Amino acid sequence: MARTQGSHSDITGPRIREAALGLFARHGYAAVSMRQIAGEVGVQAGALYNYTPDKQSLLFRLMQDHMQELLAAYEALEPQADALGALRQFVGFHIRFHMQRPDEVFIAYMELRNLTPENFSEIEKLRRRYEDALQSILLAGQKDGLFSVQDAKIATLAVIAMLNGVMTWYRAGGRLSLDEVEQIYWDMVRKAVAA
């Protein structure tokens, strides 16, 4: 099928991913058709296949892009002098990075079940890299006598789950500023792992 007049691959490809992201976040991956994505972008349904092989590839690409951006941004942070500083940095980074990407966060957690086994495995590797960064901080803090956690892996998952919760309820202009929320969460995380 011919490309829609006036479309350009460097523009249309990102527009397709943006449309898929919004539709998947609002309606769920299973409920969204390629025809709906095409309609959102303003191209014919058949034209989508010039940019992506199928809906599964779109979902995988959205998750992969999110995780790669997350890892790159985290790994670019200034190294901290000790585990306490590194944990404080992780808490603030996680909240702020994810608050700017609510749709990506929702899809990254809620749509894992819709990935093929091969794609799930690839996304899990990226997720483990991020989780391992936090787990390394907790283990280093434990070694230095700063933290006391019974199981570093479980503590890692618990901290990330708690931080992810901010995205479900926080609204700008509410009772607390994001700075205040971040400080409260930091206090809770610090007390949860303190030696």
Only Lys, Arg, Asp and Glu count, each charged at its Cβ (+1, +1, -1, -1), so figure out the dipole size of the chain about its Cα centre, rounded to 20 debye.
440
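Between LYS153 and ALA192, what is the FRET efficiency for a Förster distance of 22 Å, r being their Cβ-Cβ separation, to the nearest 0.05?
Values: r = 15 Å, r/R0 = 0.67.
Approximately 0.90, to the nearest 0.05.
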Taking only the Cα positions of region 108-149, the convex hull volume per residue in Å³ is 77
Could you order LEU146, LEU21, LEU59 so the one with the most accessible surface comes first? Probe is 1.4 Å.
LEU146, LEU21, LEU59
What does the accessible area of LEU157 come to, in Å² to the nearest 10, when a probe of 1.4 Å is used?
80
Could you do me a favour and compute the accessible area per residue for the chain, 1.4 Å probe, result in Å²?
54
Across the chain, where is the longest run that never hits trypsin sites (Lys or Arg not before Pro) in a DSSP loop with at most 11 other C-beta atoms within 10 Å?
1-170
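If r is the Cβ-Cβ distance from HIS27 to ASN50 and R0 is 30 Å, what FRET efficiency results, to the nearest 0.05? Please report the intermediate quantities before stating the final value.
Details: r = 24 Å, r/R0 = 0.79.
After rounding to 0.05, the efficiency reads 0.80.
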Pulled fully out, how much extra length does the chain show between GLN100 and ARG35, if you take 0.36 nm times their separation in residues and subtract their Cα-Cα distance?
20.6 nm
Please report the accessible area of ASP54 (heavy atoms, 1.4 Å probe, ligands and nucleic acids excluded) in Å², nearest 10.
60
How big, in percent, is the set of alpha carbon pairs in region 54-195 lying more than 19 Å apart?
54
At q = 0.09, 0.17 Å⁻¹, what base-10 log of I(q)/I(0) does the Debye formula yield for region 1-132 when every alpha carbon is treated as an equal point scatterer in vacuo?
-0.32, -0.92
Amide H proximity to PHE147 below 5 Å, modelled H, separation 5+ or other chain, gives GLN142, ALA195
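Estimate the FRET efficiency between ARG113 and ILE184 by the formula 1/(1 + (r/R0)^6), using the beta-carbon distance for r and 35 Å for R0, to the nearest 0.05. Show your work: numbers first, answer last.
On the way: r = 32 Å, r/R0 = 0.90.
So, using R0 = 35 Å, E works out to roughly 0.65.
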Using alpha carbon centers only, region 127-195 is separated from region 35-100 by a whole-angstrom value of 20
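Report, to the nearest whole %, how much of the accessible area of region 39-140 belongs to carbon and sulfur atoms, 1.4 Å probe, protein only.
51
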Relative contact order of region 1-141 (C-alpha contacts under 8 Å, at least 6 apart) in percent is 29
Let me check something: with ligands and nucleic acids excluded, how do GLU18, GLU104 order by accessible area (1.4 Å probe), largest to smallest?
GLU18, GLU104
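The values are calculated or read from the model by the stated rules, or taken from the named source; none is laboratory data. Please read all numbers here as calculations on a predicted model, not as lab measurements. Glycine also receives a Cβ, built like all others from the backbone with ideal geometry; neighbour counts cover every protein chain displayed. Just so you know, the surface numbers come from the protein's heavy atoms only, side chains and all, with ligands and any DNA or RNA stripped out. Shrake-Rupley method; radii C 1.70, N 1.55, O 1.52, S 1.80 Å.
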